[in-house]
Amino acid sequence: MSTSEVLPQGAGYGVVMGIGLFFSAFMVGLTAIQARYTGVSPKDSEEFSSASRSVKPGLIASGIVSAWTWAATLLQSSAIAYRYGISGPWWYAAGATVQVLLFAQLAAKLKLNAPYAHTWLEIVAARWGTTAHLVFMVFGLATNLIVSSMLVLGGSATVTSLTGMSTIAACFLIPMGVAIYVVVGGMRSTLLCDYTHTTVLFAIILTFVFTVYATSGYIGSISRMHYLLGEVSQIIPVAGNAGGSYLTLRSKNGLIFGVINLIGNFATVFQDQAYWQRAIASRPSTTVKAYLIGGLAWFAIPFAFSTTLGLAAVAFSAVPAANSSSQDPLSSNFIPLLAPLSESAISEGLPASLAAATLLGQSGAAALLIVLFLAVTSATSAELIAVSSILTYDVYVRYINPKATEQQILRMSHAGVVIFALVMGIAGVIFYYIGVSMGWLYTFMGVILGSAVCPIALCITWKKASRVGCITGALVGFSAGVIAWLVTTSALNQKVINVTTSGGNYEMLAGNLASIGVGAIISTVASLIWPDDYDFASTRAINCRAAVTGGNANDEVEEPEDEKKVPDVSVSSVQNEAQIDPELEPVALDKAFKFAARASIVLTLVLMILIPLPLFFAQTVYSVTGFSVWVVVGIIWTFVSAFAVVLYPLWESRAALLLISRGIIMDIFSPGSGKFVAPSSVREPGE
């Protein structure tokens, strides 16, 4: 079945441009309403880049879910399910959830050790100086570029597959449409748009789930899905799976993918400013809560989606087409509803779109197109505001114009969004023309990015972390990862190295393990042998004076030219942090860090070891009952996640919603009376 005929080409342009412009107009209106009825305006640089560091946990959690829902979350997870069966959804979801859970520790340390930083790179610069800042900036921007390229590649490939729309046009139109509302509304607008996208995302995912497992004439029940997967296992056994079955967690290749997935996603969380941006925007007292809720809620999206559409694409190989003369899948006359896909089609993430189009025709294709576009644009908005912050504070303010005014900073923030939107489009086109797919990039990212994961985590959390050791670990680890990847590719493919041969499981596994392992070992060992004794005073002073005086980012304490010399930080300014914001009280933040450490480690052990490994070694091929439990747990988890990131944010924002509603009603009956007026400051006698 060709999906290029499912929807007309105009539908592709309509979704990409129409929905993009709709959300842009929606965000412009929402921003105007906020400014009028709550006094919150993105015309202030702090509000634009960090939402004034006041966002509540539910909205942050929703933003995390949205930012972490890439094109790959929907497409690659379904492709892995198509390849390896039910083990694929688990390893994809668990292997990309634990990083967000563990990041809760870094978020807590961020609030404790650098409460007024705009980017994680500012912390690196304050602690280790210019050389480290430049080295890790390369890793950070490379992370944003690779993540953005995957978003554009996955989104454009599916739009082209379903509508025939030009891939080149999609690569440019997707990010440029998002850039409009990001420029207008900034960080808070991005989070509100994320919330809207997440709400629609869960609605469409649940629609697909109940269609496949309850109402579809092709499948329609869990038991029918179990039967069809069993039939396909007889036709095309899965190499490395117990009994060649799709219904087992004993999948050798699934486990290898799980390791690659785990390593690669550490890089794209710990080094992606988008996740630091949400920690920065969060209220200090609820940062840890937001990341734990967001991580657990996100798990349900790839797990439920790929267990539905990824497995449905497999099952359709055992369903006869209307013109099939045989009902027996093993018959030579059997014509399947969906023929087995090529490796290139799987790597492009097409099983989900093919399954949706086969399942519901044009409506299914349109639903998938919309949900994919929302996922791509919400993650794109996170990347745009993240890179804009780096370009503004780590390039422009630090190296070009240290005395920048508020308006200059805001203009640079706007320009950064537009610049990176254009770069995203160009990068997508380049990767498209050289034949690199979303799936290849997804498994490759850990090879070149993994080496900096441990050094960055040590910089934020450990006073003994060595500057020289961590820089060396990142650079040597990068070299080791690339060398291991190329050597393994050459050894396993008769010295042939190209995009096809280098994308195998063992090739990528070797590169990922070498990169993160060497980087972690060198940085940790060097820090133990030649430890620093750092008190985080200079990182706590980042922008601290601006927070006290209401000044600009250029008021921050600058580091001396000698990188080995610890800056002379005003003790009083650091000690007064808790007075500026009571939620920055050190004892409470340290307690939050310890809770984050306990909770995230326990959840990581459960998701990566205690649940999957016993099931892997048991070599069980699940019966109808076992498979039913598997699917039902996924559905329940999806509903709980939807409550957590759709209904909970509404409840916690009830006061703001009431304020806006009251202002609108007052304006209706008495125009001009509903505008927000800030409470006048009370002067002390004698002032």
Does segment 206-236 hold any residues that are within 26 Å of Gly58 (Cα to Cα) and surrounded by 22 or more Cβ atoms within 10 Å (Cβ to Cβ), and which are they? Phe208
State yes or no: is Ser389 crowded, with 24+ Cβ neighbours inside 10 Å, within 27 Å of Leu110 (Cβ to Cβ) and at pLDDT below 90? no
Pull up segment 20-40, narrow it to residues that are of a type in the set (Gly, Ala, Ser) and surrounded by fewer than 16 Cβ atoms within 10 Å (Cβ to Cβ), then point me to the one that is farthest from Ala170 (Cα to Cα). Gly39
In this structure, does Ala79 turn out to be surrounded by fewer than 24 Cβ atoms within 10 Å (Cβ to Cβ), at pLDDT 90 or above and under 30 Å from Ala239 (Cα atoms)? no
Would you check which residues across segment 511-533 are among the small types (Gly, Ala, Ser), surrounded by 22 or more Cβ atoms within 10 Å (Cβ to Cβ) and within 24 Å of the chain's Cα centre (by Cα) and list them? Gly511, Ala514, Ser515, Gly519
Restricting attention to helices (runs of 4 or more DSSP H) lying wholly within segment 217-308, give those where 3 or more residues are in contact (Cβ under 8 Å) with a residue 40 or more places away in the chain and within 25 Å of Leu341 (Cβ to Cβ). 222-235, 252-270, 287-305
Quick check on this structure: which one of Ala352, Ala365, Ala345 is under 17 Å from Ser161 (Cβ atoms), free of Cβ contacts under 8 Å to residues at least 24 places away in the same chain and either part of a helix (DSSP H, G or I) or small (Gly, Ala, Ser) (or both)? Ala345
Name every residue in segment 54-65 that is buried (at least 24 other Cβ atoms within 10 Å of the Cβ) and modelled with pLDDT under 85, in order of residue number. Val55
So, in segment 231-254, of the ones that are of a type in the set (A, V, I, L, M) and touching a Pro at 6+ places or on another chain (Cβ under 8 Å), which residue ends up farthest from Ala94 (Cα to Cα)? Ile235
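The values are calculated or read from the model by the stated rules, or taken from the named source; none is laboratory data. This structure is a prediction, so every number in the text was calculated from the model and none was measured. Positions of Cβ are backbone-derived with ideal geometry, glycine not excepted, and every protein chain shown enters the neighbour counts.
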